[in-house]
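Novice: Dropping the structure in here first, questions after.
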Amino acid sequence: MVKGRFSKFLQKFAFSRAGHQYEPLEGAELDTLIDEQYELKAIEKEKAVVALPPKEASKCHREDLAKAFYVDLQTGLSEFAVTQRRLVHGWNEFVADNTEPVWKKYLGQFKNPLILLLLASALVSVLTREYEDAVSIAVAVLIVVTVAFIQEYRSEKSLEELTKLVPPECNCIREGKLQHLLARDLVPGDIVSLSIGDRIPADIRLTEVTDLLVDESSFTGEAEPSSKTDTPLTGGGDLTTLSNIVFMGTLVQCGKAQGVVIGTGERSQFGEVFKMMQAEETPKTPLQKSMDKLGKQLTLFSFGIIGLIMFTGWLQGKQLLSMFTIGVSLAVAAIPEGLPIVVTVTLVLGVLRMARKRVIVKKLPIVETLGCCNVICSDKTGTLTANEMTVTQLVTSDGLHAEVSGVGYNGEGTVCLLPSKEVIKEFSNVSVGKLVEAGCVANNAIIRRNTVMGQPTEGALIALAMKMDLSEIKDSYVRKKEIPFSSEQKWMAVQCSPRNEEQPEDVHFMKGAFEQVIRYCTTYNTGGIPLPLTPQQRALWQQEEKRMGSLGLRGQCLGSQPWALDWRLTLPFRRVNAGSVVSEGDDQNGVGERGAGGAEPVRTLLGR
């Protein structure tokens, strides 16, 4: 319809030149002109698409996003649109600024005042025919400059490792089809599908979310995964509070989602960090300042010696040229040409020692600066630690203590009863076995290839069960209902039934913060026998919980019910949309199993 009206309009004004006469365009020529006009308008529209800042995108509704990026949220972009947008926004990758040639970087090492003074001394030695001094000074300068250049060049290469955080592939909807693409192919407006285990390929505004948890520790430093939603935001806040935005380089730990790419490459938040790292100009270290000061002082001292000797010779009536030669020789002899070598070798030894601990030193003088530090303030989660929770201690409700060895999610390690050091497997100790069972069943995490898919705390409990050969205990129950964890209630509970029993009795498992779980417990387990929970027993447990906290451990309290067949626990659940469940009441008469203390292991890359 539109094209037909446009063609009639053009027929009145479009003419072809034949000699000196103009004739109306018809047929193929007119169609070609119309197609060219439409293509030009389409190109202009695609090139007008810009990346949206996260705060602005977080306030947009789905319809606003579709209009801003000229995209259908169901079918995605066309290949034509992708091509045009890539001409404007480039590839979704980081490009290190390597415009400065290597030889120029090498010559930049000669800008040190002391190095320049030594070079001047070598030149004067040549002019005065002191060739041995000239060679020794030149060799010293070359050693210092070359070593410093090699170290800094290797450090710049390590900066390129940052690009490895961008995932190589992603799932994207284009032309109505779900395609598996390289992450570098993404452009603003692409529709990306996310699932558990995916690394976020770009900054994305979420439009569809199902139970999405994202590990943002590399971005925010927080160990706990962030819960995401697709609801537009109204208030302000910083980037860490944008619950409908996921950022490049973060990891999907649970759930699935779909969203619109709002920033790629260096226009993403991770790209901003990359640009700041490249643009950063490191201030001079105390050592560099001292060396510069020494170089200036030696220069003034050398000229002072030359001037004094020439003035003394002039008073004595001697030739100025011979006095100048003597003065230069004394000045050159006073310059410590071995000092740069001593300093460089000392710093290189420090770099090598730190390299054995897998620490990268970007600039040689940084080693001296590190030695001057009394306090180092650093982000912990994901930097000094591996962002992996590990259970290290167990305390049962009947007072048994056990220690757990091994770190991470590979299941390697043992659970030993204290003080006997007896290794516990499965239910060889009933109290410890039931405690681990509760932590494993009331759990939504999965461990695949030593990587946890879910919350780190739940992954630690699964790894604990693996160490006791109880990781399959979860499959022996059929989960019927669940009260999910929330930051307000600080606990979760599940209702299950044994899988292989003819008339199974429902069993309930609960875990969460000590002060919350203990509220619902009226009895506690002691060697398989339930006993009434007394105020004295509660006080003992509270002391134990404080002891774990003083050791820097994160406590988890676990409970189950019924322990015997004559007990019942009614959890009034109400089912809501999409199969999720919420609670309308409280747990009652739960059995306390006590808890586990977890710690976050130090990164092995940094040593222990």
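The values are calculated or read from the model by the stated rules, or taken from the named source; none is laboratory data. None of these values were measured; they are calculated from a predicted model. So basically every Cβ, Gly included, is an ideal-geometry build from the backbone, and we count neighbours across all protein chains shown.
Novice: Could you count how many residues in region 351-369 are surrounded by fewer than 18 Cβ atoms within 10 Å (Cβ to Cβ) and more than 26 Å from the chain's Cα centre (by Cα)? Outline the logic, then answer.
Specialist: The first filter runs over region 351-369 and keeps only residues surrounded by fewer than 18 Cβ atoms within 10 Å (Cβ to Cβ), leaving 352-360, 362-363, 368-369.
Within this subset, residues satisfying the condition of being more than 26 Å from the chain's Cα centre (by Cα) are 352-353, 368-369.
So the answer is 4.
Novice: For K293, indicate whether it is within 30 Å of E100 (Cα to Cα), at pLDDT below 80 and among the basic types (K, R).
Specialist: No.
Novice: Now for a different question. Consider A438 carefully, then state whether it is of a type in the set (A, V, I, L, M, F, W, C), in contact with a Cys (Cβ under 6 Å, 6 or more places away or on another chain) and outside any loop (DSSP other than H, G, I, E, B).
Specialist: Judged against the criteria, A438 is not a match.
Novice: Quick check, is V348 exposed (fewer than 14 other Cβ atoms within 10 Å of the Cβ), hydrophobic (A, V, I, L, M, F, W, C) and within 53 Å of the chain's Cα centre (by Cα)?
Specialist: It is false that V348 is exposed (fewer than 14 other Cβ atoms within 10 Å of the Cβ), hydrophobic (A, V, I, L, M, F, W, C) and within 53 Å of the chain's Cα centre (by Cα).
Novice: Are there strands (runs of 3 or more DSSP E) fully within region 497-536 with at least 3 residues that are under 23 Å from N443 (Cβ atoms)? List them.
Specialist: Details: elements: 507-512, 521-526, 529-532.
Filter on region 497-536 gives 507-512, 521-526.
Novice: Is region 237-244 home to any residue that is in contact with a strand residue (DSSP E or B) (Cβ under 6 Å, 6 or more places away or on another chain) and either of a type outside the set (D, E, K, R) or over 23 Å from D215 (Cβ atoms) (or both)?
Specialist: Yes, because at least one residue in region 237-244 is in contact with a strand residue (DSSP E or B) (Cβ under 6 Å, 6 or more places away or on another chain) and either of a type outside the set (D, E, K, R) or over 23 Å from D215 (Cβ atoms) (or both).
Novice: Please work out which residue is nearest to I341 (Cα to Cα), limiting yourself to region 291-312 and to residues that are in contact (Cβ under 8 Å) with a residue 24 or more places away in the chain and of a type in the set (A, V, I, L, M).
Specialist: M291
Novice: Between a first residue in region 466-486 that is closer than 22 Å to V407 by Cβ and a second residue that is part of a strand (DSSP E or B) and not acidic (D, E), which pairs have beta carbons less than 8 Å apart while being 6 or more apart in sequence or on different chains?
Specialist: Taking only residues 6 or more apart or on different chains, the pairs are M466/I447; K467/V404; K467/V415; M468/V415.
Novice: On to the next question. Can you pull out the residues in region 466-489 that are loosely packed, with under 14 Cβ neighbours inside 10 Å, within 20 Å of S227 (Cα to Cα) and either among the charged types (D, E, K, R) or more than 32 Å from the chain's Cα centre (by Cα) (or both)?
Specialist: Within region 466-489, E488 is the sole residue that qualifies.
Novice: Can you tell me which residue within region 155-210, out of those that are at pLDDT below 90 and of a type in the set (D, E), is surrounded by the fewest Cβ atoms within 10 Å (Cβ to Cβ)?
Specialist: E161
Novice: So in region 251-265, with the set limited to residues that are of a type outside the set (D, E, K, R) and modelled with pLDDT under 90, which one is nearest to A57 (Cα to Cα)?
Specialist: Among those residues, the one meeting the criterion is G265.
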